[in-house]
Structures are given as C-alpha cells and as structure tokens.
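Shown next, in structure tokens, is the structure this report addresses.
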Amino acid sequence: MFDWGMWVRYAPRLMNAILTHFYFVIVSVTIGSVIAVILAIALSRFKKAAKYLMPILGIFQTIPGIVFIGVLFIYIGMRPETVIIALSVYAILPVLKNAYTGIVTVDPALIEAGRGIGMNPWILLWRVELPMALNSIITGIRMSTIYTVSWAVLAAMIGQGGLGEFIYIGINSNMKQFIVMGSIPAALMAIGLGYLIDKVQVKLTPRGLRRN
C-alpha cells in the first residue's frame, strides 16, 4: 500500500529529482538528435560507407550504461556533464537509424523532379529529403526519449540526482516505497513525453503522409 505521508514528506526532494531527471532527458535527447540527424545526412551521401559505419556506431549501444558513465567519471569527474555526454551518446543511435532510413528511402522520382526544376543538393535536402523523412526522424526521437528516461536513472550512481536516487535508496534500504516513488514519476514522464512527441509528429507531418 502507498504511504501517502511519506510522499508528502519527500515531496520537495521528489520534485527536485523529477526536474533534474527531466533536464537530463531533454538536454541529452536534443544534443543526441542534432548529432544523429547530421550524421544521417552525411552517411546518406556515402551509402557504401554507411553499411560498415552503422554497425560500428551500434556497438556503443551494447556497452552497459554503468560502464560508460564509469569511464567518463574517471576522466570528467562527478559532474552533470558526465551524465549528459553519456546519455547523449546513447540517444544518438535510435534517431540516427530512423533518420538515415527516412532520407535514403525518399522516392527517387521526387529527387529527380527537384533537380528538374533547378534545385541544388542543399535545397533538395531542406525542401524534399528532410521533410519526407520527418516522420521517420520524429519516430526515432520518440524512441530515444523513452529510452533516455530509463537510462537517466544512472545519474544517481555518480551523485547527480534524478529519480534514480529514490530507486537506489529503496534498493539499498529494502524499502519498496522509495522504489515506487522513483519508478512511477519516471514511467509517467516517459508516457507524457511520448504523447507530446506524437502530437508534434502529427502537427509537423504533411497531411498526405500522416498515419491513420
């Protein structure tokens, strides 16, 4: 059963943990998404190289988060930047995969039509390729955001707060209430951010390309 009195007592600390967690997620996903889209554009111009580079980039996703943050901690120290760098790296691949796929699968007829009316490669990118790939890119950002909400729990391991702080306190003290206090806001954050991104996707996707 919920101990509502406990929730009231820890409300200020919990709110601070939620805001810290949210900050890490938003900043990391933003940085990761920008880097991912730039990489996707570059790799779409060198498709043969992409066949080899994409699996190599995917190796970063196989490194356990605790190991990666631990290595960064040695070189950077116990700082928010350590968490942001680690989460940004993990946030890249879901967006990169979707952005790359979205760009390289644009209908060649649209590309040729753009060239036929005098568009140069940069104009084609901004006016044709990226708009057509937007649905796929946003899907990748949604995946990355939801994953990052869970990965951000690791911030507490180097004393940088977030909802992981409550979860680890609960595990170490064998008090389920702390675990619940950390887990429920994290789950709601993932659901809420996913919902908002879905709404943005609907708004930005051209009507003819929207999913029913």
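The values are calculated or read from the model by the stated rules, or taken from the named source; none is laboratory data. Since the model is a prediction, treat every value here as computed from it, not as a measurement. FYI the Cβ positions are ideal-geometry reconstructions off the backbone, even for glycines, and counts take in every protein chain you see.
Criterion first (closer than 19 Å to residue 181 by Cβ, touching a residue at least 24 places away in the same chain (Cβ under 8 Å) and of a type in the set (Asp, Glu)) does residue 129 satisfy it? Show your work before the answer.
Numbers: closer than 19 Å to residue 181 by Cβ: no; touching a residue at least 24 places away in the same chain (Cβ under 8 Å): yes; of a type in the set (Asp, Glu): yes.
Answer is no for this residue.
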Note to self: Of the conditions (1) on the phi > 0 side of the Ramachandran plot; (2) in contact (Cβ under 8 Å) with a residue 12 or more places away in the chain, residue 149 satisfies every one except a single condition; which number is it?
What the structure shows: (1)
Next item on the list: All but one of (1) under 19 Å from residue 20 (Cα atoms); (2) surrounded by fewer than 22 Cβ atoms within 10 Å (Cβ to Cβ); (3) out of contact with any Phe, Trp or Tyr (no Cβ under 7 Å at 6 or more places or on another chain) hold for residue 91, so report the exception by its number.
Entry: (2)
Notebook entry, point to check: Among 158, 197, 137, 169, which is the only one that is under 27 Å from residue 86 (Cα atoms) and surrounded by fewer than 18 Cβ atoms within 10 Å (Cβ to Cβ)?
Noted result: 169
Notebook entry, point to check: Of these, 114, 164, which one is surrounded by fewer than 20 Cβ atoms within 10 Å (Cβ to Cβ), among the small types (Gly, Ala, Ser) and out of contact with any strand residue (DSSP E or B) (no Cβ under 8 Å at 6 or more places or on another chain)?
Noted result: 114
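Residues are listed down the side, and each one gets a yes or a no for (1) in contact (Cβ under 8 Å) with a residue 60 or more places away in the chain; (2) over 30 Å from residue 47 (Cα atoms):
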site	(1), (2)
83	yes, yes
103	yes, no
143	no, no
158	yes, yes
169	no, yes
Margin query: On the basis of being modelled with pLDDT under 90, surrounded by fewer than 18 Cβ atoms within 10 Å (Cβ to Cβ) and in a helix (DSSP H, G or I), does residue 50 make the cut?
Written below: no
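For the range 53-104, name all the residues that are among the small types (Gly, Ala, Ser) and either assigned to a loop (DSSP other than H, G, I, E, B) or closer than 30 Å to residue 131 by Cβ (or both). Outline the logic, then answer.
In the first step, residues of the range 53-104 are kept if they are among the small types (Gly, Ala, Ser); the result is 58, 65, 70, 77, 86, 88, 91, 99, 102.
Passing the criteria: 58, 77, 88, 91, 99, 102.
So if I check each of 31, 38, which one is modelled with pLDDT of 90 or more, surrounded by fewer than 19 Cβ atoms within 10 Å (Cβ to Cβ) and under 16 Å from residue 130 (Cα atoms)?
Just a single option satisfies the conditions, and that option is 38.
Quick one: in the range 71-81, which of the residues that are under 16 Å from residue 159 (Cβ atoms) and free of Cβ contacts under 8 Å to residues at least 40 places away in the same chain is surrounded by the fewest Cβ atoms within 10 Å (Cβ to Cβ)? Even if it seems obvious, please write down each step before you answer.
Initially, the range 71-81 is screened for residues under 16 Å from residue 159 (Cβ atoms), giving 72-74, 76-81.
Still in the list and also free of Cβ contacts under 8 Å to residues at least 40 places away in the same chain: 72, 74, 76-77, 81.
On the way: 72: 19, 74: 8, 76: 16, 77: 10, 81: 11.
Looking at the filtered set, the residue picked out is 74.
Which residue out of 194, 161, 140, 118 is modelled with pLDDT under 90 and within 20 Å of the chain's Cα centre (by Cα)?
Values: 194 fails: modelled with pLDDT under 90; 140 fails: modelled with pLDDT under 90; 118 fails: within 20 Å of the chain's Cα centre (by Cα).
Sole residue among the options that is modelled with pLDDT under 90 and within 20 Å of the chain's Cα centre (by Cα): 161.
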Next item on the list: Kindly list, by first and then second residue, each pair from a residue in the range 179-192 that is over 16 Å from residue 143 (Cβ atoms) to a residue that is among the aromatic types (Phe, Trp, Tyr) and modelled with pLDDT under 95, limited to pairs with Cβ atoms under 6 Å and residues at least 6 apart or on different chains.
Entry: 181/166; 182/166
